[in-house]
Amino acid sequence: MNIREAIELAIEAETKAKERYLELSQIAEDQETRLMLEQIAKEEESHYKRLVERLKAIKLMGK
């Protein structure tokens, strides 16, 4: 596995994690849990965006 493949795999994992946290937030029984899960989903989105930027940079470097 090279760096590009590793980042692509990580991007996929972050996307799945975000989706799962949002799913869980929809079935949470209380507001506090719902808000926490939504916040974690936002953090996963932030990770996703950083990884996409790194992947773009790697592609520009020709790797």
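The values are calculated or read from the model by the stated rules, or taken from the named source; none is laboratory data. Here the structure is a predicted model, which means the values were calculated and not measured. Methodologically, a virtual Cβ is constructed for each residue, glycine included, from the backbone with ideal geometry; neighbour enumeration extends over all protein chains shown.
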Taking the stretch 7-63 and the residues there that are in contact with a Lys or Arg (Cβ under 7 Å, 6 or more places away or on another chain) and outside any helix (DSSP H, G or I), the one that is surrounded by the most Cβ atoms within 10 Å (Cβ to Cβ) would be A28
Would it be correct to say that E43 is among the acidic types (D, E), at pLDDT 95 or above and under 14 Å from the mean Cα position of the chain (by Cα)?
yes
